[in-house]
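The values are calculated or read from the model by the stated rules, or taken from the named source; none is laboratory data. These numbers were taken from a predicted model, which means no experiment stands behind them. Ideal geometry is used to build each Cβ from the backbone, glycine not excepted, and the neighbour counts take in all protein chains shown.
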Amino acid sequence: MAHHAALSPSRAKDFRQCPLMFRLRVIDALPEPPSLEALRGTLVHSVLEHLFDLPREERTNAAAQELLEPRWHDHVAKHPADAALFADEAEFEEWFASARPLLATYFQLENPQNLQPRARERFVNATLPSGLHIRGIVDRIDVSPSGAIRVIDYKTGKSPTPRFQESALFQMRFYAAALFLVEGTLPLRTQLLYLKDGRTLTYDPVAADVDSIAMELDSIWSAIEERLDSGAFETKRGPLCSWCAFQRYCPEFGGETPDIDAAGIEKLRTAHA
Ligand code: SF4
């Protein structure tokens with residue numbers, strides 16, 4: 001195994017969902033249509049991150065709603081093209097208003113006045129015993145007075161059905177293992193907060209998760225490497241194909257797959273964390 005690449009939970013998830021989709025997204029870096037849903041997720045995450053800049057007693061739903069506008073202006077200053085994604089003012093207003101109930105739901109799930117996060121939007125970068133780098137961004141890390149760590153991730157979509165819960169929790173097991181490797185302490189609890197339907201998915205990691213996640217990620221990377229060597233990334237048709245932006249390049253849907261990008265292969269093999 002070459003020990004240079006870095007895997008994130010989303011890359012690993014993409015590969016497990018469909019090797020061809022992973023290839024087209026990560027190696028060929030083909031453009032995908034911008035998603036207003038993803039943009040709304042970015043905006044809501046930004047509000048929840050900055051909510052904790054306020055003194056505890058000011059962390060209310062009203063304050064969060066007021067943060068929407070400045071966070072949007074800040075986002076547009078950094079990504080001006082995103083302001084042009086809306087056909088007209090009415091479409092923008094409707095989209096902007098759709099972020100409000102998500103923030104209101106957040107306050108039904110927890111009271112931020114009782115929390116003092118140790119970290120927000122924390123970049124975690126760890127190395128597995130095999131040498132494989134793993135990395136990702138954790139939305140929030142709380143630490144109790146006794147030192148117990150809790151990892152929180154906000155999701156602006158609906159909570160998964162039981163069939164997809166394992167895949168959702170993979171991300172949290174991944175972060176728990178990464179934090180253990182970096183800090184030597186296993187988080188006591190990980191939670192996914194789903195702001196669309198107000199549900200929380202909780203997973204309490206166990207020590208064995210570190211080894212099992214390491215084995216899982218090493219095995220995913222080996223499978224990716226095999227395909228990098230052969231250049232053959234197969235399709236894996238499933239229910240999520242309906243949301244795949246690459247159907248026109250996919251033989252399952254009558255599309256023609258372009259040649260793989262050699263520079264993209266090299267970049268993936270040598271992408272240091
Ligand atoms: S449409 Fe489905 S099978 Fe084809 S690349 Fe996308 S996820 Fe894979």
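Yes/no per residue for (1) under 22 Å from the mean Cα position of the chain (by Cα); (2) at pLDDT below 95:
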{"residue": "A6", "(1), (2)": "yes, yes"}
{"residue": "E49", "(1), (2)": "yes, no"}
{"residue": "P55", "(1), (2)": "no, no"}
{"residue": "E66", "(1), (2)": "no, no"}
{"residue": "W72", "(1), (2)": "yes, no"}
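The helices (runs of 4 or more DSSP H) found wholly in the range 9-69 include none carrying at least 2 residues that are aromatic (F, W, Y) and within 16 Å of the ligand (Cβ to nearest atom). Criterion first (more than 14 Å from I152 (Cα to Cα), crowded, with 18+ Cβ neighbours inside 10 Å, away from the ligand (no atom under 16 Å from the Cβ) and at pLDDT below 95) does D209 satisfy it? Yes.
Scanning the range 55-78 for residues that are under 21 Å from R122 (Cα atoms) and surrounded by fewer than 16 Cβ atoms within 10 Å (Cβ to Cβ) returns P55, R56, D74, K78. Quick one: in the range 23-61, of everything that is in contact (Cβ under 8 Å) with a residue 12 or more places away in the chain and among the hydroxyl-bearing types (S, T, Y), which residue is farthest from D259 (Cα to Cα)? The extreme case among them is T60. Of all residues in the range 220-237, those satisfying the criterion of being assigned to a helix (DSSP H, G or I), in contact (Cβ under 8 Å) with a residue 40 or more places away in the chain and either of a type outside the set (S, T, Y) or within 20 Å of E32 (Cα to Cα) (or both) are I220, W221, A223, I224, E225, R227, L228. Between residues in the range 238-254 that are under 19 Å from K13 (Cα atoms) and residues that are polar (S, T, N, Q) and in a helix (DSSP H, G or I), which pairs lie under 9 Å by C-beta distance while being six or more apart or on different chains? So the pair list comes out as G238/Q17; L240/Q17; C241/Q247; C244/Q17.
Looking at T190, is it hydroxyl-bearing (S, T, Y), under 19 Å from the mean Cα position of the chain (by Cα) and at pLDDT 95 or above? So T190 passes the test. Looking across the range 181-215, the residues that are farther than 18 Å from V143 by Cα, outside any strand (DSSP E or B) and among the aliphatic types (A, V, I, L, M) come down to L195, A207, A208, V210, I213, A214, M215. Residue count for the range 225-263 satisfying the condition of being within 30 Å of Y175 (Cβ to Cβ), of a type in the set (A, V, I, L, M, F, W, C), more than 8 Å from the ligand (Cβ to nearest atom) and out of contact with any Pro (no Cβ under 8 Å at 6 or more places or on another chain): 2. Please specify each residue of the range 143-159 satisfying the condition of being surrounded by fewer than 19 Cβ atoms within 10 Å (Cβ to Cβ) and assigned to a strand (DSSP E or B). V143 - this is the single residue of the range 143-159 that is surrounded by fewer than 19 Cβ atoms within 10 Å (Cβ to Cβ) and assigned to a strand (DSSP E or B). So, Q113, is that one over 30 Å from S212 (Cβ atoms), surrounded by fewer than 13 Cβ atoms within 10 Å (Cβ to Cβ) and either touching a residue at least 24 places away in the same chain (Cβ under 8 Å) or in contact with a Gly (Cβ under 6 Å, 6 or more places away or on another chain) (or both) or not? No. Would you check which residues across the range 103-142 are aliphatic (A, V, I, L, M) and assigned to a loop (DSSP other than H, G, I, E, B) and list them? Residues satisfying the conditions are L115, L128, L132.
P80 - would you say it is out of contact with any helix residue (DSSP H, G or I) (no Cβ under 7 Å at 6 or more places or on another chain), farther than 25 Å from R173 by Cα and within 16 Å of the ligand (Cβ to nearest atom)? For P80, the condition - out of contact with any helix residue (DSSP H, G or I) (no Cβ under 7 Å at 6 or more places or on another chain), farther than 25 Å from R173 by Cα and within 16 Å of the ligand (Cβ to nearest atom) - is not met. Kindly establish whether S167 is surrounded by fewer than 18 Cβ atoms within 10 Å (Cβ to Cβ) and touching a residue at least 40 places away in the same chain (Cβ under 8 Å). Yes: the conditions hold for S167.
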